[in-house]
Amino acid sequence: MAKILICNVDDLAAGEMRKFETKIGALLVFNREGEYFVTDDQCTHATASLSEGDYFDDTVSCPLHWGEFNIMTGEATAAPCKKPLRTYRVLIEGDAVYIDSELEAKAVEAL
């Protein structure tokens with residue numbers, strides 16, 4: 001299994017989100033009470049960084065038009081967003097947060 005290091009678990013407090021630049025682009029990491037989720041940072045509706053929006057419950061909102069996404073599934077949950085947000089399989093090894101890059105490669109091939 002190939003993987004991409006995103007950050008360390010200590011880089012985010014519980015309830016925090018943060019953008020990290022990776023070799024596959026800007027990704028947004030969420031610490032949901034010790035459970036980590038990773039999504040693309042860019043809104044699927046307009047060119048906006050979701051890291052500048054709000055994170056509450058299981059939702060991230062876009063700062064541009066206030067569309068919302070579920071951080072676990074990527075589902076668009078509020079207009080004007082309709083297209084889901086890409087999510088990534090998270091792997092925790094020791095203190096490091098990774099995503100499975102094999103799944104990323106398969107997703108890109110499918111496009």
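Annotations for the structure displayed:
- Residue list for the range 1-21, restricted to those being out of contact with any Ser or Thr (no Cβ under 9 Å at 6 or more places or on another chain), under 20 Å from VAL60 (Cα atoms) and surrounded by fewer than 17 Cβ atoms within 10 Å (Cβ to Cβ): VAL9, ASP11, ALA13, ALA14, GLY15, GLU16, GLU21
- Screening THR44 against (1) part of a strand (DSSP E or B); (2) surrounded by 17 or more Cβ atoms within 10 Å (Cβ to Cβ) leaves a single unmet condition, (1).
Here's the yes/no breakdown for (1) among the basic types (Lys, Arg); (2) closer than 21 Å to THR73 by Cβ:
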{"position": "ALA2", "(1), (2)": "no, no"}
{"position": "LEU12", "(1), (2)": "no, yes"}
{"position": "GLY15", "(1), (2)": "no, yes"}
{"position": "LYS19", "(1), (2)": "yes, yes"}
{"position": "GLY25", "(1), (2)": "no, yes"}
{"position": "ASN31", "(1), (2)": "no, yes"}
{"position": "PHE37", "(1), (2)": "no, yes"}
{"position": "THR44", "(1), (2)": "no, yes"}
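- Number of residues in the range 18-47 that are of a type in the set (A, V, I, L, M) and at pLDDT below 95 equals 2.
- Close pairs from the range 12-36: first closer than 19 Å to GLY94 by Cβ and of a type in the set (Val, Ile, Thr), partner part of a loop (DSSP other than H, G, I, E, B) and at pLDDT 95 or above, Cβ under 8 Å, at least 6 apart: VAL29/LEU12
- Put simply, of LEU103, LEU85 the only residue that is under 16 Å from the mean Cα position of the chain (by Cα), outside any loop (DSSP other than H, G, I, E, B) and either at pLDDT 95 or above or closer than 15 Å to VAL38 by Cα (or both) is LEU103.
- Close contacts from the range 74-94, counting a first residue that is free of Cβ contacts under 8 Å to residues at least 12 places away in the same chain and a second that is surrounded by 15 or more Cβ atoms within 10 Å (Cβ to Cβ) and assigned to a loop (DSSP other than H, G, I, E, B), with Cβ to Cβ under 7 Å and a gap of 6+ residues or different chains, come to GLU75/PRO84.
- Condition met for THR77 (at pLDDT 95 or above, more than 13 Å from the chain's Cα centre (by Cα) and at negative phi): yes
- Checking each residue in the range 23-35 for being open to solvent by less than 30 Å² (accessible area, probe 1.4 Å) and touching a strand residue (DSSP E or B) at 6+ places or on another chain (Cβ under 6 Å) picks out LEU27, LEU28, VAL29, PHE30.
The values are calculated or read from the model by the stated rules, or taken from the named source; none is laboratory data. From a predicted model like this one, the values you see are computed outputs, not experimental measurements. Every residue, glycine among them, receives a Cβ derived from its backbone with ideal geometry; neighbour counts consider all protein chains shown. The area values use the complete protein model at the heavy-atom level, side chains included, leaving out ligands, DNA and RNA. Shrake-Rupley method; radii C 1.70, N 1.55, O 1.52, S 1.80 Å.
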